[in-house]
Amino acid sequence: MELNISSRSQDDLAVVTVGGEVDLYTAPQLRNELVDALEDGARRLVIDMSRVEFCDSTGISVLLSAMKRSRDKDGDLELVAPKPAVMKVLEVTGLDEVFVIHADLDALPVAAGTGNAS
């Protein structure tokens, strides 16, 4: 399955919307998008995972790496609306306690007002 990624940013916030499957083959594409967002000045990464059907350990590793890079810039990485299959992986690995996880994007008023840039 293909991975679809779009992003928008404003100031030091980047909202990255991911759809499809994040696995060994597609994770580098996600890594590149997140690194680019951080290099473009984002410190806070909000990852909308509501359309991610599957995420393996490679994808989780990319998210952890991006969270570390973000925190190195005094920012953070937050996940939004992971589907039950993805949430199960986060719970089994204990990462549901590591990542900030929001139920939906509407719960983030700062994210809702971002302009489009990709």
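The table below gives the values:
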| read-out | value |
| --- | --- |
| Relative contact order (percent, whole number), the chain, Cα cutoff 8 Å, 6+ residue spacing | 28 percent |
| The chain, accessible surface, carbon-and-sulfur percent (1.4 angstrom probe) | 48 percent |
| Mean Cβ count within 10 Å, highest first, over the residues of peptides 100-108, 18-26 | 18-26, 100-108 |
| Environment charge of Asp96, counting only residues whose C-beta is closer than 14 Å and scoring Lys/Arg +1, Asp/Glu -1 | -1 |
| Degrees between helix 84-93 axis and first principal axis of the chain (Cα, 0 to 90, nearest 10) | 80 degrees |
| Solvent accessible area, Å² - Arg69, 1.4 Å probe, full protein context | 110 Å² |
| Largest-first ordering by accessible area, 1.4 Å probe, given options Met1, Met67 | Met1, Met67 |
| Helix axis angle, 27-39 relative to the chain longest principal axis, alpha carbon, degrees | 20 degrees |
| DSSP-defined beta bridges in the chain - what % are antiparallel, rounded to 5 | 30 percent |
| Local electrostatic count at Phe54 - Lys and Arg +1, Asp and Glu -1, tallied over other residues with Cβ under 14 Å | -2 |
| P(r) of region 29-96 over all Cα-Cα pairs, binned every 5 Å from zero, in whole percent | 4, 17, 30, 26, 16, 7, 1 |
| Net charge, Asp74 excluded, C-beta distance under 11 Å - Lys, Arg +1, Asp, Glu -1 | +1 |
| Gap separating the Cα centres of region 8-25 and region 69-98, nearest whole Å | 13 Å |
| Peptide ranges 10-16, 84-90 listed from the most packed, as the mean C-beta count within 10 angstrom indicates | 10-16, 84-90 |
| Calculated Kirkwood radius over Cα pairs in Å (choose from [x] 13.9; [y] 14.9; [z] 14.4), label | [x] |
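The values are calculated or read from the model by the stated rules, or taken from the named source; none is laboratory data. The structure displayed is predicted, hence computed values, not measured ones. Using ideal geometry, Cβ is built from the backbone for each residue, glycine included, and neighbour counts are taken over all protein chains shown. When the accessible area is computed, the model is the full protein with side chains, heavy atoms only, and any ligands, DNA or RNA have been set aside. Shrake-Rupley method; radii C 1.70, N 1.55, O 1.52, S 1.80 Å.
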